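The structure appears below as structure tokens.
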Amino acid sequence: MATRPFAFFLFFLFSIITLTVYILTAHIYDHQPFLRSFPNSLSLKPEDKIWPEFEFNWRLLLATVIGFFGSAFGTVGGVGGGGIFVPMLTLIVGFDTKSAAALSKCMIMGASASSVWYNLRVQHPCREVPILDYDLALLFQPMLMLGITLGVALSVVFPYWLITVLTILLFSGTSIRSFFKAIEMWKEETKVKKEMERPRAFVSSRGELLIDTHEPLILKEEKTPMQIFLFNLRWKMLTALIVVWIAFLVLQIMKNGLIACSTSYWVVTIIQFPVALAAFGYECVKLYKESKKRRDTGNPESVCEAAIDWTAPQLMFCAFCGVLGGTVGGLLGSGGGFILGPLLLEIGVMPQVASATATFVMMFSSSLSVVEFYLLKRFPIPHALYLMAVSIMAGFWGQFFIRRLVAFLQRASLIVFILSAVIFASALTMGVIGVDKSIRMINNHEFMGFLEFCRSQ
């Protein structure tokens with residue numbers, strides 16, 4: 001599979017950097033224990049809550065504009081836009097980092113929900129299947145949510161400057177990878193368009209997947225918007241996704257009310273693993289059986305949008321990618337869309353379906369975080385409602401304009417270019433914020449090593 005080298009590169013880079021930093025910092029602080037007890041160490045105490053008054057001024061207006069375009073392009077690319085929202089809310093509006101992260105999840109939830117609503121009324125570009133790939137959603141959602149839980153736990157332990165370094169490296173690598181993928185798709189689309197301009201041109205199946213056109217070779221039966229909406233809904237799969245969401249929500253609420261590192265705390269944490277594995281295993285068995293049946297009958301079609309053969313090694317690899325993506329997303333505070341969106345493209349999912357499916361999965365993960373943050377009173381309600389309203393409008397109109405532009409230009413690669421641009425912008429903004437805060441921590445002689453998990457809760 002073409003995506004394996006890139007996935008293992010992310011894992012290798014993540015592991016080597018973390019291990020090296022841990023060894024170096026442990027050596028330094030073991031020999032100089034007085035560095036652990038600096039009185040100014042902000043990383044050893046909760047960050048002060050900073051909630052500006054809700055009033056319409058130039059700060060809120062600028063945040064509205066940035067939030068609108070960030071939500072519009074973020075949902076089109078299938079990555080959310082959290083890497084843009086958090087710096088915007090801290091630098092411009094004036095929120096503290098934790099409150100900004102909570103409000104960012106509110107914006108992502110609003111934008112992804114409106115995007116899913118829009119996509120439910122859109123036909124698949126070239127197949128008689130829903131544009132939301134429920135199989136891929138149910139395959140990745142449980143492992144992604146499990147990974148996010150692990151990543152959030154690691155974010156408590158990892159030093160802030162290390163998270164900044166990982167943000168810059170991983171986001172930059174993903175952005176560059178997506179950019180070259182977009183260029184490759186652009187070139188293939190150009191070849192297909194030239195073939196279509198010739199008399200009696202034949203469009204290959206690969207070309208058909210790349211172009212979202214209003215003039216397909218096989219005429220589709222015209223459907224009403226309500227027929228398309230009902231066709232895109234798959235109640236059985238949707239119910240399974242909701243059940244997984246509720247299970248994780250209940251476990252997270254239970255864990256938040258427990259003493260960190262107590263026996264009950266670890267029991268609730270460990271229960272998340274069988275819940276995720278049960279949902280993932282159910283989908284694995286289904287995909288494996290369907291794929292094997294098609295191979296035995298000589299049917300070359302894919303079981304779902306991913307252009308891979310669903311064998312046991314491929315399914316295990318997808319589990320690895322889901323946990324890795326969630327862990328990185330939870331660690332960096334970006335949810336997981338920055339990994340899931342590019343990953344779906346790498347395994348052969350066409351851009352329109354990759355965007356719709358990644359946004360669909362993000363709706364579940366972001367809404368889980370929003371409910372958690374609401375119960376913990378991490379964000380002010382007036383700001384949350386206003387920014388969610390902005391994101392809801394942005395998510396809908398962003399999908400509307402970009403998909404119309406893709407259909408007009410017959411360039412689905414535009415979605416991949418947008419995805420790459422959003423990830424790069426997030427790497428830039430989060431990198432600048434992280435470097436600035438790390439410099440201030442160094443100047444204040446704050447503790448810069450790994451923290452103990454139980455003492456940092």
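The values are calculated or read from the model by the stated rules, or taken from the named source; none is laboratory data. This is a predicted model, so every value here is computed, not measured. Positions of Cβ are backbone-derived with ideal geometry, glycine not excepted, and every protein chain shown enters the neighbour counts.
Which condition does Cys304 not pass, out of (1) more than 24 Å from Thr149 (Cβ to Cβ); (2) exposed (fewer than 14 other Cβ atoms within 10 Å of the Cβ), if it passes all the others?
Of the numbered conditions (1) more than 24 Å from Thr149 (Cβ to Cβ); (2) exposed (fewer than 14 other Cβ atoms within 10 Å of the Cβ), the odd one out for Cys304 is (2).
For the list (1) at pLDDT 85 or above; (2) surrounded by 16 or more Cβ atoms within 10 Å (Cβ to Cβ), I need the number of the one condition that Ile271 fails.
Unmet for Ile271, out of (1) at pLDDT 85 or above; (2) surrounded by 16 or more Cβ atoms within 10 Å (Cβ to Cβ): (2).
Does segment 391-405 hold any residues that are surrounded by fewer than 22 Cβ atoms within 10 Å (Cβ to Cβ) and touching a helix residue (DSSP H, G or I) at 6+ places or on another chain (Cβ under 6 Å), and which are they?
Result: Ile392, Phe396, Ile402.
Report yes if some residue within segment 309-319 is touching a helix residue (DSSP H, G or I) at 6+ places or on another chain (Cβ under 9 Å), free of Cβ contacts under 8 Å to residues at least 12 places away in the same chain and not basic (Lys, Arg); otherwise report no.
Yes, that holds for at least one residue.
Quickly run through segment 427-447 and pick out the residues that are without any contact (Cβ under 8 Å) to a residue 40 or more places away in the chain and closer than 19 Å to Gly337 by Cβ.
The one that is without any contact (Cβ under 8 Å) to a residue 40 or more places away in the chain and closer than 19 Å to Gly337 by Cβ: Leu428.
Exactly one condition in (1) over 30 Å from Pro159 (Cβ atoms); (2) β-branched (Val, Ile, Thr); (3) crowded, with 19+ Cβ neighbours inside 10 Å is false for Val370; which is it?
(1)
How many residues are at pLDDT below 85, surrounded by fewer than 12 Cβ atoms within 10 Å (Cβ to Cβ) and not in a loop (DSSP other than H, G, I, E, B) if we restrict to segment 182-205?
Adding up the residues that qualify gives 3.
Residues in segment 382-399: is at least one under 30 Å from Lys191 (Cβ atoms) and touching a residue at least 40 places away in the same chain (Cβ under 8 Å)?
Looking through segment 382-399, at least one residue is under 30 Å from Lys191 (Cβ atoms) and touching a residue at least 40 places away in the same chain (Cβ under 8 Å).
Within segment 411-431, can one find any residue that is among the charged types (D, E, K, R), under 21 Å from Gln123 (Cα atoms) and surrounded by fewer than 16 Cβ atoms within 10 Å (Cβ to Cβ)?
no
Please give the helices (runs of 4 or more DSSP H) falling wholly within segment 263-368 in which 2 or more residues are of a type in the set (D, E, K, R).
Of the helices (runs of 4 or more DSSP H) lying wholly inside segment 263-368, those with at least 2 residues that are of a type in the set (D, E, K, R) span 263-296.
Out of the residues in segment 207-225 meeting the condition of being assigned to a helix (DSSP H, G or I) and not charged (D, E, K, R), tell me which one is modelled with the highest pLDDT.
Pro225
Residues being within 22 Å of Leu144 (Cα to Cα) and either exposed (fewer than 12 other Cβ atoms within 10 Å of the Cβ) or at pLDDT below 85 (or both): count how many of those fall in segment 226-241.
Final tally of qualifying residues: 3.
What are the residues in segment 399-446 that are among the small types (Gly, Ala, Ser) and part of a helix (DSSP H, G or I), if any?
Selection gives Ala407, Ser413, Ser420, Ala421, Ala425, Ser426, Ala427, Gly431, Gly434, Ser438.
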